[in-house]
1. How many residues are crowded, with 20+ Cβ neighbours inside 10 Å and outside any helix (DSSP H, G or I) if we restrict to segment 339-376?
2. Any chance segment 229-252 includes a residue that's hydroxyl-bearing (Ser, Thr, Tyr), modelled with pLDDT of 85 or more and surrounded by fewer than 22 Cβ atoms within 10 Å (Cβ to Cβ)?
3. For segment 369-399, enumerate the residues that are touching a Lys or Arg at 6+ places or on another chain (Cβ under 9 Å) and farther than 17 Å from VAL232 by Cα.
4. Given the conditions (1) of a type in the set (A, V, I, L, M); (2) touching a helix residue (DSSP H, G or I) at 6+ places or on another chain (Cβ under 6 Å); (3) in a helix (DSSP H, G or I), report the number of the one that LEU218 does not fulfil.
5. Considering only residues that are among the small types (Gly, Ala, Ser) and either crowded, with 16+ Cβ neighbours inside 10 Å or in contact with a strand residue (DSSP E or B) (Cβ under 8 Å, 6 or more places away or on another chain) (or both), which ones fall in segment 448-481?
6. Conditions: (1) acidic (Asp, Glu); (2) buried (at least 22 other Cβ atoms within 10 Å of the Cβ); (3) at pLDDT below 90. GLU181 meets all but one. Number of the miss?
7. Does any residue in segment 29-58 that is buried (at least 22 other Cβ atoms within 10 Å of the Cβ) come within less than 7 Å, Cβ to Cβ, of a residue that is among the acidic types (Asp, Glu) six or more places away or on a different chain, and which pairs are these?
8. Based on this model, can you work out whether THR224 counts as at pLDDT 80 or above, assigned by TED's automatic domain parsing to the domain that holds VAL393 and either in contact with a helix residue (DSSP H, G or I) (Cβ under 9 Å, 6 or more places away or on another chain) or part of a loop (DSSP other than H, G, I, E, B) (or both)?
Amino acid sequence: MSRRTIIKGALILTIAGIITRVLGFFYRIYMAKTIGAEGMGLYQLITPLYMLVWALSSSGFSTAMSKLTAQEKARGTEGNVKRLLHMSLLFSVTIAIAASLVTYFFADEISVYIVKDSRTALSLRIISLCFPCMAMGSVLRGYYLGLQNTMISAVSQVLEQTVRMAVIYMLSSLLIPKGLEFACAAAVWGMTAGEVISFLYVFFYYVIKRKNGRPPTLAIKGCTAMIMAAAVPLTLNRVVGSLFSTAENILIPNRLQLFGCTQAEALSILGRLSGMAMPLVMFPSSLLTALATATMPAISESHALRQYARIKSTIHQSMVITSIIGAFTAGIFIFFPKEVGILIYSQRQIYEILRLLGIICPFLYIQVTMSGILNGLGQQLFIFEVNLFASTVNLLAIYFIVPYYGIRGFLMPWIFTTVVITSATVIRVNNFLGINIPVLTQYIKPALAVILACLAAKLGQSRIWYGISYKIGVLLTLFTAGIVYTFLVFRLKCICKDDLRL
């Protein structure tokens with residue numbers, strides 16, 4: 001895969017990601033204003049279980065399909081791809097149907113004994129309906145990503161988010177007045193409809209465009225071994241991560257009540273953290289997620305052909321983009337957390353969470369990029385090990401520290417584990433390929449540029465446009481920071497011509 005192909009694929013996925021995130025922001029802003037922080041907290045209790053089923057039935061098979069498709073195409077054995085696809089679909093949908101049946105028929109027990117809130121039972125039954133479609137759609141998208149046809153994945157993402165928003169807007173006036181249980185159900189109906197429509201789009205495209213190719217050279221047993229070797233570590237990684245995430249979302253409100261919060265206050269804090277602050281912090285990662293998604297099959301293809309120079313070039317370009325985006329985002333959330341909170345959600349309460357999350361923005365974004373690189377290099381087991389360590393520490397912090405220090409008792413250890421595992425992944429890639437990371441260019445100069453840019457924006461906020469409409473003033477401040485930062489990035493030569501060349 002050429003650099004031009006990687007950039008084109010990343011660009012398509014980035015545009016789709018930005019559109020999806022923007023639509024998602026309007027969706028979350030609407031939800032936050034309609035059902036409040038407590039309602040968002042209730043919704044967040046559902047989301048980890050949904051992600052757990054996705055991790056178990058979809059994530060590993062989707063990423064494996066992308067990697068194996070690119071690998072077989074590079075080796076000239078395209079005939080194996082269809083057999084790999086059909087078997088991946090079989091494994092994925094079987095797991096998804098089982099999860100759907102268990103969730104639907106045991107929703108009451110799950111809501112009471114696992115989620116610890118009986119109001120989620122209705123939403124659990126609704127969301128269980130989309131599991132098979134979610135699984136099949138994910139595998140088909142992985143197949144097209146492996147073929148470097150990123151447009152299919154991009155369109156399906158935008159379509160899913162559009163349908164989700166349309167459904168919640170149509171149902172909100174009917175269900176939200178009935179209480180938080182039905183408000184949460186309205187949001188889940190949107191999620192379910194989005195998954196179904198997204199799958200139907202990808203499925204019909206596959207049916208219309210499929211062609212009879214070369215016969216496969218791999219037997220069913222060989223295909224099964226290849227799929228499991230690639231998918232099982234990925235699935236274990238995502239499943240364990242989802243289990244820990246589910247446990248975190250269930251434990252945080254419980255341990256915050258021991259800190260002295262009421263149940264409503266504890267759910268509100270969870271809603272601000274997981275439903276408001278985290279989506280805001282991860283919004284700039286749209287480009288990086290797209291880059292990692294497009295890079296992973298490219299690295300897998302180059303690794304299969306032993307083209308290590310191309311791998312190093314791809315990694316260098318990815319890391320430059322990551323460091324520049326990470327530094328700017330960190331600066332914005334550290335210097336302007338109150339302003340951003342009021343601008344987006346019309347509330348100040350999330351400013352402390354945003355400021356702390358701003359510290360780890362560069363590390364979170366590097367993790368996104370490194371995950372795509374390590375998956376392409378076949379290092380899924382290593383990713384699993386470091387994520388298991390981080391999740392264990394975070395869970396222990398919630399259980400033992402949050403009752404004494406509140407939500408900061410979770411955020412501070414999380415910052416520590418994020419820095420540790422990010423450093424570990426960078427060292428792993430460096431040891432694997434012998435890459436020399438230019439610390440001055442990639443980290444120190446962008447940090448200096450964002451500090452100067454935010455100080456200049458602060459000066460303008462307090463001296464030049466002080467006294468005008470608050471939200472307009474915030475927009476001017478952020479725009480100024482972005483313009484000054486962009487100028488300094490080029491002035492300090494954080495980006496060279498090779499980094500921009502297609």
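1. So the count comes out to 1.
2. We begin by selecting, within segment 229-252, every residue hydroxyl-bearing (Ser, Thr, Tyr); these are 235, 242, 245-246.
When the remaining residues are screened for being modelled with pLDDT of 85 or more, the result is none.
No, because not a single residue in segment 229-252 is hydroxyl-bearing (Ser, Thr, Tyr), modelled with pLDDT of 85 or more and surrounded by fewer than 22 Cβ atoms within 10 Å (Cβ to Cβ).
3. Within segment 369-399, MET370, ILE398, TYR399 meet the criteria.
4. Every condition holds for LEU218 apart from (3).
5. The answer is ALA449, ALA453, ALA456, ALA457, GLY460, GLY473, ALA481.
6. GLU181 satisfies all of (1) acidic (Asp, Glu); (2) buried (at least 22 other Cβ atoms within 10 Å of the Cβ); (3) at pLDDT below 90 except (2).
7. LEU42/ASP117; LEU45/ASP117
8. Spelling it out, THR224 is indeed at pLDDT 80 or above, assigned by TED's automatic domain parsing to the domain that holds VAL393 and either in contact with a helix residue (DSSP H, G or I) (Cβ under 9 Å, 6 or more places away or on another chain) or part of a loop (DSSP other than H, G, I, E, B) (or both).
The values are calculated or read from the model by the stated rules, or taken from the named source; none is laboratory data. Computed from a predicted model, the values in this text were never measured in an experiment. Ideal geometry is used to build each Cβ from the backbone, glycine not excepted, and the neighbour counts take in all protein chains shown.
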